[in-house]
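Structure first, commentary second.
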Amino acid sequence: MNKFFRILACAMLLAGVGAAAQAGQYQYNYNFTDGNVVSGSFSGSASGNLITDLSNFSVFINGQAFANNGNLIIRDGSANGVGVLSFDGTANSLLVVNSFDPFLLDHVLLIGAFQGSTTDVISYATPYAANGEGPGVAPYSATRWQVSAVPEPATSAMLMVGVALVGFAARRRKPSGPFVQ
């Protein structure tokens, strides 16, 4: 029975390693110095500090959703690439808009490096509000940027199965008798 648990643990570990290379769900937020907050979620593929292959992007400004959330158009902030975000907030390059039509372009989020090699600007605009931090205004701070992975249901299920197996193994173990020399 002990061999069975070792094989099962190895299989679960290998399954977990394979899942780490797949795309995942992420949440992000940035707290402006004036108290405003940009937050949301997206799908992407993490490799080291960078998250690429961004899709299913949503943006909220102080809890108010951007128009077209989940189907927003994602571009690189400095070119026509596909955009990238970083866990530490220093390598973000992203332009998110709600439409290709310039007449409907009323929700914009821009994060990027415009005066150097690291991220130094974040700004947003909606029909109701606009705000930005960067050179010449309140400085962008990577310490106010946060990205975290959203655990997948399979990961939580694997954790519960592992805890159950440990409990099952501990319950089956018979207590040994008193130690006698």
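Between beta-carbons, use under 15 Å as the cut-off and find the net charge around SER86, counting Lys and Arg +1, Asp and Glu -1. The partial results should precede the final answer.
Values: positive: ARG144; negative: ASP53, ASP76, ASP88, ASP120.
Here the charged neighbours net out to -3.
About its Cα centre, what dipole magnitude does region 24-165 give when the only charges are +1 on Lys and Arg Cβ and -1 on Asp and Glu Cβ, stated in debye to the nearest 20?
Approximately 120 debye in magnitude.
Mind checking the full-extension length gain between ASN71 and SER148? Use 0.36 nm per residue of separation minus the Cα-Cα distance, one decimal, nm.
That works out to 25.6 nm of additional length.
Hey, rough spin-label estimate for ALA138 and ASN29, points 7 angstrom out along Cα→Cβ, what's it come to in nanometres?
1.5
Find how much the distance from SER47 to GLN64 grows on full extension, using 0.36 nm per residue of separation minus their present alpha carbon separation; answer in nm with one decimal. All intermediate terms of the calculation are to be shown ahead of the outcome.
Numbers: separation 17, 0.36 × 17 = 6.12 nm, distance 3.05 nm.
Gain on stretching SER47 to GLN64: 3.1 nm.
I need the shape label for region 24-165. Rule: rounded when a/c is under 1.5, else prolate if a/b > b/c, else oblate, with a, b, c from the alpha carbon gyration tensor.
Because a/c hits 1.5 or more and a/b exceeds b/c, region 24-165 counts as prolate.
Read-outs: derived from the displayed coordinates by stated rules, not from any lab. Values in this document were obtained by computation on a predicted structure and should not be read as measured data. All Cβ positions, even for glycine, are placed from backbone atoms using ideal geometry, and neighbour counts span all protein chains on display.
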